[in-house]
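Please read the structure below before turning to the comments.
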Amino acid sequence: MRISLEEAAERLKRGEVVAIPTETVYGLAADASNDQALQQIFTTKQRPADHPLIVHIGDISQVSDWAAAFPEVAVKLAEAFWPGALTLVLPAKNHVSRIVRGNEPTIALRVPNHPVALALLKLSGLSVAAPSANLFTQLSPTTAEHVEAGLGDAVPVLDGGACTVGIESTIVSVATDGQWQMLRPGMISEADIARVAGQPQHTRKASSSGVVEIQTPKAPGQHALHYSPRTPLLLFKDKAALIQEYEALTQVNLQCAALLIGEGNSPACTTIQLSNQPAEVAEQLYSTLHRLDALNVDRLLVELPPDTPPWAAVLDRLSRAGYK
Ligand code: TXA
Ligand code: MG
């Protein structure tokens, strides 16, 4: 069911969940200060309770409603990238619900860069918690149709068109001492963050033996199996390897469809070819996977982009979508 901006605001104020557009992916929104409303997000998504939610706020002045500290580095990042596809994880104020922060001592905040989302935050006067509007582990939605296909008619949808960034926000945590860590890659790259915040210092730590250990920080709820289509998805480093596997699968009568990055040879099955530009591929990634998934073939064959920094976020999502 599609609803208007006014109805979405009314429903949020009544403590109901509503699917809303953002520039990254559609979110399943609820009043972030209402525990019963928050609980419905988890029920609707079938999401484990220890997965914290991102709180969407209308502007930077609202950070102090949720965060106990707003270190200078985080202020600079917010000023540089908000509204936009950056989520800041900051120390939480004591009153912040344990449900929204998944029992973490921190809170994740973002000002979305979407006119409809910003209008809704303003009209409702609320801050809204919103994870991606899909069932737990499934493909994220980038259109109202994707939300309806994934969650069914029970969830009302505020349609704001197709998402232009196309994959989830970059998540950066900032400690009170200003140290920062990237917890999830997104289209705002680690280099973009470092240009504003300086280099991160505590991702590399000298152990007692003097050996430098690389710590891989993780955001809670970043499951290995995530963002998955229903069709098993096989990943390939290049087109030649993909075509070879396609031929082997055809021999045993398995139906395939393929996703290629950039020009070159393609297999003789339904194939979608995306450009070799990271931002364009990100924008179309989930909608392409939704389309391929709807073909109901036996295997999706996907060419991976190069393992270089501009592709980090796309590579992360594809690796997680891969068949385990
Ligand atoms: O682009 C996005 O971020 C989208 C749109 C709707 O804003 N939202 C989104 O939410 O991707 P979700 O729930 O799919 O991912 C939120 C992730 C959690 O899984 C967790 O990894 C991280 O954000 N997160 C949230 N709160 C956190 C916290 N307090 N500490 C560390 N990580 C946190
Ligand atoms: Mg998600």
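The values are calculated or read from the model by the stated rules, or taken from the named source; none is laboratory data. Because the structure is a prediction, the values reported are computed rather than measured. Here Cβ is always computed from backbone atoms with ideal geometry, including for glycine, and neighbour counts include all displayed protein chains. Surface areas here come from the heavy atoms of the whole protein model, side chains and all, with no ligands, DNA or RNA. Shrake-Rupley method; radii C 1.70, N 1.55, O 1.52, S 1.80 Å.
Some points to look at:
- Residues in region 240-261 that are open to solvent by 30 Å² or more (accessible area, probe 1.4 Å) and either assigned to a loop (DSSP other than H, G, I, E, B) or in contact with a Ser or Thr (Cβ under 7 Å, 6 or more places away or on another chain) (or both): VAL252, ASN253, LEU254, GLN255.
- Annotation note: Cβ proximity below 6 Å between a residue of region 20-45 that is in contact (Cβ under 8 Å) with a residue 40 or more places away in the chain and assigned to a helix (DSSP H, G or I) and a residue that is away from ligand 2 (no atom under 16 Å from the Cβ) and open to solvent by 10 Å² or more (accessible area, probe 1.4 Å) (sequence gap 6+ or interchain) occurs for ASP35/SER97; ASP35/ILE99; LEU38/ILE99.
Residues are listed down the side, and each one gets a yes or a no for (1) outside any loop (DSSP other than H, G, I, E, B); (2) modelled with pLDDT of 90 or more; (3) out of contact with any Ser or Thr (no Cβ under 7 Å at 6 or more places or on another chain):
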site	(1), (2), (3)
GLY161	no, yes, yes
GLY186	no, yes, no
ALA194	yes, yes, yes
HIS223	no, no, no
LEU234	yes, yes, yes
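- Count of region 196-208 residues, restricted to those that are in contact with a strand residue (DSSP E or B) (Cβ under 7 Å, 6 or more places away or on another chain) and either at pLDDT 95 or above or open to solvent by less than 20 Å² (accessible area, probe 1.4 Å) (or both), is 1.
- Enumeration of residues in region 164-189 that are touching a Gly at 6+ places or on another chain (Cβ under 9 Å) and at positive phi: GLY178
- Region 150-178, subset more than 26 Å from ALA294 (Cα to Cα) and of a type in the set (A, V, I, L, M, F, W, C), residue nearest to ligand 1 (Cβ to nearest atom): ILE171
- Candidate set: region 16-50, residues that are open to solvent by less than 10 Å² (accessible area, probe 1.4 Å) and more than 18 Å from the chain's Cα centre (by Cα); chosen: the one nearest to SER127 (Cα to Cα): ALA32
Yes/no per residue for (1) assigned to a helix (DSSP H, G or I); (2) open to solvent by 10 Å² or more (accessible area, probe 1.4 Å); (3) within 16 Å of ligand 2 (Cβ to nearest atom):
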{"residue": "VAL96", "(1), (2), (3)": "no, no, no"}
{"residue": "GLY102", "(1), (2), (3)": "no, no, yes"}
{"residue": "ILE107", "(1), (2), (3)": "no, no, no"}
{"residue": "LEU118", "(1), (2), (3)": "yes, yes, no"}
{"residue": "LEU135", "(1), (2), (3)": "no, yes, yes"}
{"residue": "GLU145", "(1), (2), (3)": "yes, yes, no"}
{"residue": "ALA154", "(1), (2), (3)": "no, yes, no"}
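- Considered as a group, the residues in region 262-294 that are touching a residue at least 24 places away in the same chain (Cβ under 8 Å), of a type in the set (A, V, I, L, M, F, W, C) and more than 15 Å from LEU139 (Cα to Cα) include one that is least open to solvent (accessible area, probe 1.4 Å), and that residue is VAL281.
- Applying the condition of being closer than 19 Å to PRO21 by Cα and assigned to a strand (DSSP E or B) to region 46-91 and asking which residue is nearest to ligand 2 (Cβ to nearest atom) yields ILE54.
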